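Student: Provided herewith is a single structure, encoded as structure tokens, for subsequent inquiry.
The values are calculated or read from the model by the stated rules, or taken from the named source; none is laboratory data. Source: prediction; values computed, not measured. Using ideal geometry, Cβ is built from the backbone for each residue, glycine included, and neighbour counts are taken over all protein chains shown.
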Amino acid sequence: MTILVTGGAGFIGSNFVLDWLTQSDERIVNLDKLTYAGSRASLLPIDGDDRHQLIVADICDERAVSDLLVEHRPRAVVHFAAESHVDRSLDDPGVFLRTNIDGTFNLLRCALTFFRQLPSNEAASFRFLHVSTDEVYGSLSADEPAFSESNAYRPNSPYSASKAASDHFVRAWHHSFGLPTLTTQCSNNYGPRQFPEKLIPLVITNALAEKPLPIYGDGRNVRDWLHVSDHCDALRCVLASGTLGETYNVGGNNERANIDLVRAICTALDELQPRAAGSYAELITFVKDRPGHDRRYAIDNRKITSQLGWSPRHTVESGIRATIEWYLANSQWLNAVRSEAHEAWLDQQYREGE
Ligand code: NAD
């Protein structure tokens, strides 16, 4: 049996692919465009494993996607491929619209054509799992209850608007055409192989390079943090036992204000890789807030825990420590994914923010 993963050279996708191959004999066909966020370096641990095949293509390419479905006959599609960074969506929303909306639309169309040609026994077990985000629900105040699956969609950034649109298409393809879909909305992931533009790897790598640790606004924006291995477990659980057409919120029960999270990273780094003098916390620098910055996200994960028996294993403290250890041991990966263009983009980002 084979599953088709999109975006499996990115952060969560590569962790999912690596985990999958340690736990299953099924093959993975990995469709990835290898944008700045995707890297062959993230797949090095499975180099030479003939159960994995990377196909470099765009999810918007109808011919490439439909040929691939016909050739490999996957029993499931797990859809991660996306433009995923909010700051970049403020600079260039068009690419988010193309990949996240047009790309998902194209995958759904191709998957439906493929699904309709399957014999009934294969059609009965086919699944299309769409990986989405809690950001589609908008922003919470400090005392509002966490997002549940019945919350209204209120996306505030071009990124979350594009993910919200893709979620609606997935829902429509189930309700209108009977495609057996599942959707997950998860909170902020962290862990190995996350591109160092996102908060946790940015703070770790900047600290080790003795660069400023930029924090937007007053640092009191709150996020729920989910270790990527917990997320991968949840996805396998939803794929195996989720009810068709349903959405599952996936959260780590780890709400933290950004400033508290960054201080916790500094404390762990001080222990694991002490600075020549002082604490890494001295590098913390407050910068001008991101436009439209959502104040708080929080996930009510009672549906997936009670119905599917999943629960997160990592606390932020254990997960952060393991993540720092991974970055300390994998400087080669970091060198492979970093480019001059990325460094220039980061520099410009935080100069503008000052
Ligand atoms: P990422 O940016 O690290 O990786 C995205 C991957 O998609 C890359 O490998 C990239 O090359 C590939 N890709 C981009 N455009 C493509 C295209 N047009 N065709 C084919 N491949 C393309 O993203 P991530 O952080 O791993 O997120 C994966 C999914 O999870 C996304 O859908 C994202 O919205 C969702 N999500 C992420 C988080 C998080 O905290 N990282 C939280 C909630 C939801």
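Student: What residue, of 244, 199, 239, 140, is within 17 Å of residue 256 (Cβ to Cβ), surrounded by fewer than 24 Cβ atoms within 10 Å (Cβ to Cβ), touching a Leu at 6+ places or on another chain (Cβ under 9 Å) and in contact (Cβ under 8 Å) with a residue 12 or more places away in the chain?
Tutor: Selected residue: 199, the only one of 244, 199, 239, 140 that is within 17 Å of residue 256 (Cβ to Cβ), surrounded by fewer than 24 Cβ atoms within 10 Å (Cβ to Cβ), touching a Leu at 6+ places or on another chain (Cβ under 9 Å) and in contact (Cβ under 8 Å) with a residue 12 or more places away in the chain.
Student: Quick test of your reading of the structure: residue 66 fulfils all but one of (1) closer than 17 Å to residue 3 by Cα; (2) surrounded by fewer than 16 Cβ atoms within 10 Å (Cβ to Cβ). Name the failing condition by number.
Tutor: Unmet condition: (2).
Student: Name the residues in the range 66-87 that are within 20 Å of residue 37 (Cα to Cα) and free of Cβ contacts under 8 Å to residues at least 12 places away in the same chain, would you? It would help to see each step written out before you state the result.
Tutor: If we filter the range 66-87 for residues that are within 20 Å of residue 37 (Cα to Cα), which is where we start, we get 78-87.
The answer is none; no residue qualifies.
Student: Contact list please: Cβ distance under 6 Å, first residue in the range 14-32 and under 15 Å from residue 191 (Cβ atoms), second residue more than 14 Å from the ligand (Cβ to nearest atom) and assigned to a helix (DSSP H, G or I), pairs at least six apart or on different chains.
Tutor: Once the first residue is under 15 Å from residue 191 (Cβ atoms) and sits in the range 14-32, its partners that are more than 14 Å from the ligand (Cβ to nearest atom) and assigned to a helix (DSSP H, G or I) give 18/45.
Student: Looking at the range 1-43, which of its residues are aliphatic (A, V, I, L, M), surrounded by fewer than 16 Cβ atoms within 10 Å (Cβ to Cβ) and more than 9 Å from the ligand (Cβ to nearest atom)?
Tutor: The answer is 1, and nothing else.
Conditions tested, residue by residue: (1) modelled with pLDDT of 95 or more; (2) surrounded by 15 or more Cβ atoms within 10 Å (Cβ to Cβ).
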| position | (1), (2) |
| --- | --- |
| 256 | yes, yes |
| 261 | yes, yes |
| 271 | yes, no |
| 289 | no, no |
| 321 | yes, yes |
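Student: Quick one: count up the residues across the range 68-90 that are within 15 Å of the ligand (Cβ to nearest atom) and either on the phi > 0 side of the Ramachandran plot or not β-branched (Val, Ile, Thr) (or both).
Tutor: To start, the set of residues in the range 68-90 that are within 15 Å of the ligand (Cβ to nearest atom) comprises 68-69, 77-89.
Still in the running and either on the phi > 0 side of the Ramachandran plot or not β-branched (Val, Ile, Thr) (or both): 68-69, 79-85, 87-89.
Residues flagged as within 15 Å of the ligand (Cβ to nearest atom) and either on the phi > 0 side of the Ramachandran plot or not β-branched (Val, Ile, Thr) (or both) within the range 68-90 amount to 12.
Student: With the condition kept exactly as written, say whether any residue in the range 332-339 is more than 20 Å from residue 191 (Cβ to Cβ) and out of contact with any Leu (no Cβ under 9 Å at 6 or more places or on another chain).
Tutor: yes
Results for (1) within 11 Å of the ligand (Cβ to nearest atom); (2) touching a strand residue (DSSP E or B) at 6+ places or on another chain (Cβ under 6 Å); (3) assigned to a helix (DSSP H, G or I), shown as yes or no for each residue.
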position: 152; (1), (2), (3): no, no, no
position: 156; (1), (2), (3): no, no, no
position: 163; (1), (2), (3): yes, yes, yes
position: 167; (1), (2), (3): yes, yes, yes
position: 172; (1), (2), (3): no, no, yes
position: 189; (1), (2), (3): yes, yes, no
position: 193; (1), (2), (3): yes, no, no
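Student: For the range 207-249, give me the residue count where each residue is assigned to a strand (DSSP E or B) and away from the ligand (no atom under 14 Å from the Cβ).
Tutor: Summing the residues that are assigned to a strand (DSSP E or B) and away from the ligand (no atom under 14 Å from the Cβ) in the range 207-249 gives 5.
Student: State whether the residues of the range 73-81 include one that is crowded, with 20+ Cβ neighbours inside 10 Å, among the small types (Gly, Ala, Ser) and in a loop (DSSP other than H, G, I, E, B).
Tutor: For the range 73-81, residues crowded, with 20+ Cβ neighbours inside 10 Å, among the small types (Gly, Ala, Ser) and in a loop (DSSP other than H, G, I, E, B): present.
Student: A follow-up question, please. With respect to residue 95, determine if the residue is under 12 Å from residue 31 (Cα atoms) and either part of a helix (DSSP H, G or I) or more than 10 Å from the ligand (Cβ to nearest atom) (or both).
Tutor: On the way: under 12 Å from residue 31 (Cα atoms): no; either part of a helix (DSSP H, G or I) or more than 10 Å from the ligand (Cβ to nearest atom) (or both): yes.
For residue 95, the condition - under 12 Å from residue 31 (Cα atoms) and either part of a helix (DSSP H, G or I) or more than 10 Å from the ligand (Cβ to nearest atom) (or both) - is not met.
Student: Return the residues of the range 111-150 that are more than 16 Å from the ligand (Cβ to nearest atom), in a loop (DSSP other than H, G, I, E, B) and closer than 15 Å to residue 183 by Cβ; say none if nothing qualifies.
Tutor: The answer is 148, 150.
Student: Same structure again: Within the range 69-110, can you find the residues that are more than 22 Å from residue 51 (Cα to Cα) and small (Gly, Ala, Ser)?
Tutor: 82, 84, 89, 94, 103
Student: Something else: Select, from 346, 328, the only residue that is surrounded by 16 or more Cβ atoms within 10 Å (Cβ to Cβ) and not charged (D, E, K, R).
Tutor: Residue meeting the stated conditions: 346.
Student: Also: Among the numbered criteria (1) of a type in the set (S, T, N, Q); (2) in a loop (DSSP other than H, G, I, E, B); (3) within 16 Å of the ligand (Cβ to nearest atom); (4) touching a residue at least 40 places away in the same chain (Cβ under 8 Å), which single criterion is violated by residue 100?
Tutor: (2)
Student: Here's another thing I want to ask about it. Tell me whether the range 271-287 contains one or more residues that are touching a residue at least 12 places away in the same chain (Cβ under 8 Å), closer than 17 Å to residue 198 by Cα and not hydrophobic (A, V, I, L, M, F, W, C).
Tutor: Scanning the range 271-287, I find at least one residue that is touching a residue at least 12 places away in the same chain (Cβ under 8 Å), closer than 17 Å to residue 198 by Cα and not hydrophobic (A, V, I, L, M, F, W, C), so the answer is yes.
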